[in-house]
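Where a number appears in this text, it was derived from the coordinates with a stated rule and is not lab data. Not measured: the values here are computed from a predicted model. Please note: Cβ atoms are built from the backbone with ideal geometry, for glycine as well, and neighbour counts cover all protein chains shown.
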Amino acid sequence: MLIFIPRFPSRATGQIFVWDVQTGVVLNNVECWQSGELVFAQTQEIVTLLGKYGTFWTYDWPEGTCIHKGRLTPSSDFLLGAYQVQEESIQLSTSSTIDRKHVVNTWELHLTPDSPPSLIQSFSMPHHDGEFYFSPVSLHASFVTKTQVVILDVHDSSFLLQANAAHIPYVPLGCFSSDGCFFACGTEEPGILVWKNESTNYIPWSNIRTRLPFKGISFSPTTSSILTWGIEGIQLLKLGNQPFTPSPDKVKHHHSNHLVAYSADRTYITTAHHEDNVVTVLTPSLDTPPIDIGMEIMDIKIVNNIVFVANKHMLTQWDLETGERMHSIHGVGKVAIDKPMVISPHTKHLALSDDLSWVAFDTGEMAVFLYDTRATEIVAEYQLVGEVVDIKFSPNQDELWLLTHTMNEYEHPFSLNVNPQILYSLVELEIAVGGGFGNATVKSLEDEWSWVNAFSHGYYIGKSRQWVVDSRGRKLLWLPPNWRVKHWEDVRWNGNFLALVNSHHQGPIIIQFNP
Amino acid sequence: MDVKSLLDTAEDCLRFVAEFFEVIGQSAPHIYHSTILLAPQSSIVQKLYHQQINSLAARVVTGIPTSWDACTATFGTTTEVNHAVWSPCSQFVAVIMADNVELRNPTTLERMSILKPPSSHMGMTPKFFAFSPDGSLLACIYWKHHWFVILSLVCVHANIYT
């Protein structure tokens, strides 16, 4: 069956609703023919709609009538959303670019019929790249790009701030406080940098790390807080004074998740960023500094008090108590330490078995290899249908588990399925005693979370992502909003230990559930 | 207790309640099961009550912040928040989320009410909004695109392609 639905837009209509905030009752509604920002007059019975390109409509909303409409000229002006409400008028600012000059105009919009808008003042300044922001109180203008924040005094175009992004790019998203005392700009961390207006310049005031990413920011009317909103929700930030000095040193920002390894008795716990070089020892009784492996880490395991690190070239071992590299004499069993391994340069997923006997890795071409760390050779290969998205040894280490996915996008030549569904499968590969793969079982997973939960001792994260529950459905722990996970890759169970490993956390969050 | 300690305790209590308002509202026992466990190490409330909890279902090995961060409240959603605005009186925060306009508490971000248009205007999407100068009124533009929909349904027997 094929369903074909072409759509042709005809027209759009709108309604302005006015509510009493205390009661939630709609007091009236007025029909409008364009969308745009709304501004109440001081009388509160007049509301003005400011449309694109300088058009405006003024309504007496209790009467439900439009009492005034018109257009600012030049019509190319862009509304800045900066208003001052007067008794009989509102003031607003617009910007336009003329001959590589940036022009800011301030208008007075009278609320009575037959009163054309009047231009109160106009400022011209050199054009700068970036998103443009303006404070009608301080008469300061800002241009924000990913690499620079510039604030100018529009009277004479003098620079009040020129801040270059040191190591974290800015988000081209800014905001002046309503009193003109502060300017805030987003960073990709995600975070917000705030500068204070000292009339002749702006000084660094606060560097706020936010919990949620955002697409909009706004100071509170009293300038004591900042509100942000975006795809993951809203957050409220206290504006304290925590001056920042952009560091000239490059700070590495990770986009890959954390790896976590536990010793058998859970005495030792280590973490590392996938494909980074540093292993961090979390055991409180140890004072071991971060261990620089010198190569990109693909997986880590702990045996006794030694952390074994697999990368694409070799297996190395490091003493957890001293942080020093150990050589083959300390190797577990006959595992070859420091010997070159033959790993595909296209490998994205690599897993080390708990006893270090095996290294399994994908080739990037729908095949998985098993490498024997004692014989130092590849002993088995398995061809897959679908792309490998994760590799793990089963909890009792006798199978290799491969999570694969395929898309059902092109299952029918005439399908108009524009939202392809990802189908997850679990391939369970037996590992033969002498090496090599035995039987393979392929299971379709109803959802990919069942893969994650297979490594748990009966605990799981509920569907709301808000609670960790046990096998009887009892709520064990509430997860704060910034700990809630969206993707299965961000969750790693190891028995009764839960690690939340998303890269936006500075380190992994590790929780132990008591049996 | 001197005045400063009292003020610090009161401020910490306020922070604690704002931070954990969601879970406290859902399940009071989780004040003990979750919030004490998740509060920063420097929290006065955490220090006062941590010793009184005998058995916890969980222990956070790593990830607890040492002190309260700048974020005093969050409200996580699976639906994008398109726009938000403060009331001039600082008593409300209004947000546009999906097809709803919500009023939220400016301290905890808890929802206080949903402002809906009359049922005769359902199917419209809120676009822009503004509070009146005293914060007693909220105006919002709801917008609706009218579509001429041509629906053609073609049934094709599967064996045509096989």
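The distance linking region A:375-404 with region A:169-206 is 50 Å (Cα centroid to Cα centroid, whole angstrom). Using a Förster radius of 56 Å, what is the FRET efficiency between A:E321 and A:E198 based on their Cβ-Cβ separation? Nearest 0.05, please. Using R0 = 56 Å, I get an efficiency of 0.60.
Which of rounded, prolate, oblate describes region B:3-50, given a ≥ b ≥ c as roots of the alpha-carbon gyration tensor eigenvalues and a/c under 1.5 marking rounded, otherwise prolate only if a/b is larger than b/c? Prolate is the answer for region B:3-50, as a/c is 1.5 or above and a/b outweighs b/c.
Tell me the relative contact order for chain A as a rounded percent, counting alpha carbon contacts under 8 Å between residues six or more apart.
The value is 5 percent.
For the peptide A:503-510, the mean number of other protein chain Cβ atoms found within 10 angstrom of a residue's Cβ is 2.
3J(HN,Hα) couplings calculated from phi for region A:127-136 with the Karplus curve 6.51 cos²θ - 1.76 cosθ + 1.60 (θ = phi - 60°) are, in sequence order, 6, 10, 6, x, 6, 9, 9, 9, 10, x Hz; Gly and Pro show x. Here each label is just a point 7 Å from Cα along the line to Cβ, and for A:K52 and A:R209 those points are 4.1 nm apart. Look at the stretch B:79-87: the mean tally of other chain Cβ atoms within 10 Å of its residues' Cβ atoms is 6.
From its DSSP helices (H runs of at least four residues, each -39,500 (n - 2.57)), the protein assembly as shown gives a residue-normalised ellipticity at 222 nm of -1500 deg cm²/dmol. Legend: calculated FRET efficiency, A:E430 to B:E110, from the Cβ-Cβ distance at R0 = 51 Å, rounded to 0.05, equals 0.45. Taking every residue in A:43-54 and counting other chain Cβ atoms within 10 Å of its Cβ, the average works out to 2. When the C-alpha to C-alpha distance is required to be over 20 Å, the pairs from A:K392/A:K463; A:K301/A:K475; B:K4/B:K47 that qualify are A:K392/A:K463; A:K301/A:K475. Between the residues A:I509, B:P133, A:P290, the greatest Cα displacement towards the positive end of the dipole of the protein assembly as shown, with unit charges on the Cβ of Lys, Arg, Asp and Glu, is found for B:P133.
Region A:89-141 and region A:430-488 have Cα centres separated by 56 Å. Charge tally for A:S199 (other residues, Cβ to Cβ under 14 Å; Lys, Arg +1; Asp, Glu -1): -3.
Let's see if you can work this out: charge +1 on each Lys and Arg Cβ, -1 on each Asp and Glu Cβ, no other charges. What is the dipole magnitude of region A:333-388 about its Cα centre, in debye to the nearest 20?
160 debye
Look at the dipole of the protein assembly as shown built from charges on Cβ: of A:L161, B:L115, A:L356, the Cα furthest out on the positive end belongs to B:L115. Pairs of Cα atoms nearer than 8 Å and 6+ residues apart set the relative contact order; for region A:466-515 it is 22 percent. Each part gets one Cα centre, and for region B:13-47 versus region A:256-321 those centres are 33 Å apart. Computed about the Cα centre, the dipole magnitude for the protein assembly as shown is approximately 600 debye when only Lys and Arg (+1) and Asp and Glu (-1) carry charge, each at its Cβ.
If you plug the beta carbon distance of A:A264 and A:I98 into 1/(1 + (r/R0)^6) with R0 = 56 Å, you get a FRET efficiency near 0.20. Summing charges over neighbours of B:V61, with a neighbour being any other residue whose Cβ is under 15 Å away from its Cβ, gives +2 when K and R count +1 and D and E count -1. Working from label points 7 Å from Cα in the Cα-to-Cβ sense, the A:V25 to A:K339 distance is 8.5 nm. Here the protein assembly as shown carries DSSP beta bridges of which approximately 100% are antiparallel, counting only pairs with both residues inside. On the principal axes of its alpha carbon atoms, chain B extends 78, 58, 24 Å, with the longest extent given first.
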